[in-house]
1. Open to solvent by 10 Å² or more (accessible area, probe 1.4 Å), closer than 19 Å to residue B:47 by Cβ and either part of a loop (DSSP other than H, G, I, E, B) or touching a residue at least 60 places away in the same chain (Cβ under 8 Å) (or both): which single residue out of B:120, B:102, B:108 fits that description?
2. Looking at A:229, A:237, which is the one that is more than 30 Å from residue B:487 (Cα to Cα), in contact (Cβ under 8 Å) with a residue 12 or more places away in the chain, out of contact with any His (no Cβ under 8 Å at 6 or more places or on another chain) and not polar (S, T, N, Q)?
3. Quick check on residue B:177: is it away from chain A (no Cβ under 12 Å) and among the β-branched types (Val, Ile, Thr)?
4. Restricting to segment A:56-84, give me the number of residues that are part of a strand (DSSP E or B) and within 11 Å of residue A:25 (Cα to Cα).
5. If a residue must be in contact with a helix residue (DSSP H, G or I) (Cβ under 9 Å, 6 or more places away or on another chain) and either within 14 Å of residue B:126 (Cβ to Cβ) or buried (at least 17 other Cβ atoms within 10 Å of the Cβ) (or both), how many such residues does segment B:209-223 contain?
6. Kindly indicate the residue of segment B:186-208 that is open to solvent by 20 Å² or more (accessible area, probe 1.4 Å) and not hydrophobic (A, V, I, L, M, F, W, C) and also nearest to the chain's Cα centre (by Cα) among those meeting that condition.
7. Condition first: in a loop (DSSP other than H, G, I, E, B) and away from chain B (no Cβ under 11 Å). Now tell me which residues in segment A:531-549 satisfy that.
8. Answer yes or no: is there a residue in segment B:465-472 that is at the interface with chain A (Cβ under 9 Å from one of its Cβ atoms), in contact (Cβ under 8 Å) with a residue 12 or more places away in the chain and not β-branched (Val, Ile, Thr).
2 protein chains.
Amino acid sequence: MEPIDFRTEPGRYRHWRIEIDGEVAFLVMDVDPAGGLSADYELKLNSYDLAVDIELNDAVQRLRFEHPQVRAVVLKSGKDNVFCAGANIRMLGKATHGHKVNFCKYTNETRLAIEDACANSGQAYLAAVRGSCAGGGYELALAADHIMLVDDRRSTVSLPETPLLGVLPGTGGLTRVTDKRKVRRDRADVFCSTEEGLRGVKAVEWRLVDEVVPNSKWDEAVKTKAHALAARSDRPLDAKGIKLTPLARRMNGDAVAYSHVGLDLDRARGIATLTARGPSNAAPASVAAAHAQGAGFWPLALARELEDAILHLRANEPAIGLVIFRTEGDAHGVLGHDALLGENDWLMREVRHYLKRVLKRIDVTSRSFVALIEPGTCFAGTLAELVFAADRSLMLIGARDGDNKPPAAVTLGEANFGFYPMGNGLTRLETRFLGDPPCVEGLRAKVGAPLQADEADALGLVTGTVESYDWDDELRVMLEERASFSPDALTGMEANLRFAGPETMETKIFGRLTAWQNWIFQRPNAVGAQGALKLYGSGVQATFDKERV
Amino acid sequence: MEPIDFRTEPGRYRHWRIEIDGEVAFLVMDVDPAGGLSADYELKLNSYDLAVDIELNDAVQRLRFEHPQVRAVVLKSGKDNVFCAGANIRMLGKATHGHKVNFCKYTNETRLAIEDACANSGQAYLAAVRGSCAGGGYELALAADHIMLVDDRRSTVSLPETPLLGVLPGTGGLTRVTDKRKVRRDRADVFCSTEEGLRGVKAVEWRLVDEVVPNSKWDEAVKTKAHALAARSDRPLDAKGIKLTPLARRMNGDAVAYSHVGLDLDRARGIATLTARGPSNAAPASVAAAHAQGAGFWPLALARELEDAILHLRANEPAIGLVIFRTEGDAHGVLGHDALLGENDWLMREVRHYLKRVLKRIDVTSRSFVALIEPGTCFAGTLAELVFAADRSLMLIGARDGDNKPPAAVTLGEANFGFYPMGNGLTRLETRFLGDPPCVEGLRAKVGAPLQADEADALGLVTGTVESYDWDDELRVMLEERASFSPDALTGMEANLRFAGPETMETKIFGRLTAWQNWIFQRPNAVGAQGALKLYGSGVQATFDKERV
């Protein structure tokens, strides 16, 4: 099978249109039934598969970078009678367990990216719901800041997964109903058990949508609301967007190469090495100079390449159980670029939040991550974040004999103290030192200094330090040991250990909701020969084992 | 098979001893290998099954009620060389999925009951760990406020589930390591992957235990620490304990009868009706009079019976998918008893917290709950909490023709405003009205007034109201519809919708950790013919499907 490609661009979209009208963009969902990832199913009624969501993610991203003047985005349907029918059920019924899980993870990340655009980028989303809006369709609307529903007696919102399919709304629906929309739990229970959903004023009263609008006033009301949302934005009025040029990558058997990121795959051992390279040149002299570099600005290029590499690993390389993080380059170059990211500028803000989202993709990726800090590596500032995102790090003490590379070092930067909060709302350093919060403040004094092994260890920044003569053995034993464990137990263990501290709507979605959905995705009542997901659309009723677990 | 009986008493213990020395109690784990629930396995090395935990739960409970003078409890082993080897693996390997899940749920509740005793009852727990303390054994220690480890080169703490068994430490271990002990996540990763565990000063440095003590000073140090913990207690010095007399219950086919609680089972339809009856007499005139009633004091009797009924349903009636809550009795009687529970008295405090824990057992029970509010029911104060704990409630409007019972009503009491916080730290009313917090304050003005259907509905207290002539049809349709859904989807849906708002260590354990563990408990890598849990102890190595999901 062809690997799934997460790269796209508007000229190649088959399912979405971006229509821009000044400060308002319309993101129009108009799914091509024949445009799914597989010919096994048709994407009828604006139902979606991963191919559709890859375009949506791309569109959300480009609206932020390429269209600084866009301050409000209207999500609407290009079809009559249906807003969106949700994830395609035939696709779900045929998909492997791994694909279902990865599909839900990615769609969840896209919905969160929409919320991130509003919270951090001054780009508000408005869901203009006309026609039926079911399951994943309503979950898409839930990601918006404001939901408008036309009052035409047939436009409804619904989460029919439990009654129809024997699974959960798996893209944040349950959590957003209770925690974002704050629907009363007994009403949520009724709503999530009601196949046909709700409409009209009752949908407003139950907090499922923000307003209903008569058909005759629809277009005008949507426009007015979009401009009202736009008016609250802090996006620049006269800035020039940055074109996200095509992402070049070369794949050849067991290597994937980008300009700043490389991936080497050892499938037999289940290990990938992801190398991130620092900038080739010194940082641009000013924010304006950074703008002039466009998509070539190193932190932006890094974010795009790192994201693509992680998504590629997840979707196309299930045999890889462990990813080694390596870095190369010059710490000063990284810190220089980081300094620009801290500037008060719309593009620097976008790049910062993009890197934040990419690092969060790592946090929810079910692979073990190990950072190797050796002579010549460049774990500084933004790149040091990979050490704190990893499940473990191993650091070589000093330099290697007969090697002219400088001693292994970690260099902290301002980026590690607030640029990249995790899903739990804390920085990785704050999460790391929950048991001793003053440590984090203490670390600020070390910003910019290359910290060698003994100091990094004493400061709690690395998991273990190893003499150069023990390095190879120690590493081999660690990798072999990890490879001998149950991949499922590792997935569960990492999903728990990575998220200490507070829970947010976001961590609830990935922790509580996703874990339950994955459980249900394994159960015969959903995916067995007589299961509801398997039999949907066949005309045959599912047969359930009624035992409650 | 005989139903699992959750009732026990110290005279019948086979696995634990309670040794009381003034203000300090020693809770000695000394598991009888032949005393498990089944003869299929031997409980070697202080490993445990549900039978062992039923006794532990009973002991924790009795220490609070029967021994007010006990201010510190020392958890220790009665065996040489081993503190506790954790859950018995042969038992887990042979258990059904449902039993494993229920077993973990119950042990989690017991560990939380230990933490509740410390947080709310002035009874501190000290884990005195001597010998190996592995898996569930360390999870038991983690429930204590203070963990002491003997420094003898062979006493270790460990969570070897992932490396040895391909599952997670399922009784809160991962969450307590990161969120209670606040172990750095990379160290937690190393610790949870290290079969042999950690010992000595490193265990302290990594925050896994609070102190290590040389063997020669062990007994003295444990005693000294226990008294130091006791000194911080606010428990009364001269109070008389309340004997938890044997809980009488009659079972006959499809009915279970207690003095204030009844359970009627309709297994063919998958429905149980749980009836809770208010007190037969007016409330005692004083706290002292309540003490004199002992275990017969209505709220205490209710808590014990309700708890036993819920546990019985969970463990022994898997065909029951839905539980109807009914109540009978006199609202004044309930509110009168509730008023006593609000008094500043050690026993009233114990009863209040006990009812809180029983209601929390409902919150995590994977059955649908529906409260039916009809003429003659008594949903007042503590009993009204059943309406708010239910997934839905249905209320009859007014009275029934030709019926002399008063109109259906809900009566709020002080108990609904703080006696019984959920696992998320909020009351059920606060959780219910997250979308409109002022509602809760507004409801205070209604305390004591019987609220009939229209008013209860307007105040948001019930899900739906129904005219008497529609009642039977409406109810039948609702019950049939619920019964037609996938029980797994309902379990997942309820586990999400019931816990809106903040997450705590407790909700994380039941939400995130448990959901992941249940997923892993289904996976072939754990429970398939070549799975790690299945093959443990057989000498044959597990074979894993290495694909990461």
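The values are calculated or read from the model by the stated rules, or taken from the named source; none is laboratory data. Everything numeric here is computed off the predicted structure, so don't read it as measured data. Using ideal geometry, Cβ is built from the backbone for each residue, glycine included, and neighbour counts are taken over all protein chains shown. For the accessible areas, the whole protein counts, side chains as well, though only heavy atoms, and no ligand, DNA or RNA atoms are used. Shrake-Rupley method; radii C 1.70, N 1.55, O 1.52, S 1.80 Å.
1. Just a single option satisfies the conditions, and that option is B:102.
2. The unique qualifying residue is A:237.
3. For residue B:177, the condition - away from chain A (no Cβ under 12 Å) and among the β-branched types (Val, Ile, Thr) - is not met.
4. Qualifying residue count, segment A:56-84: 5.
5. 5
6. B:207
7. A:536, A:537, A:538, A:539, A:540
8. no
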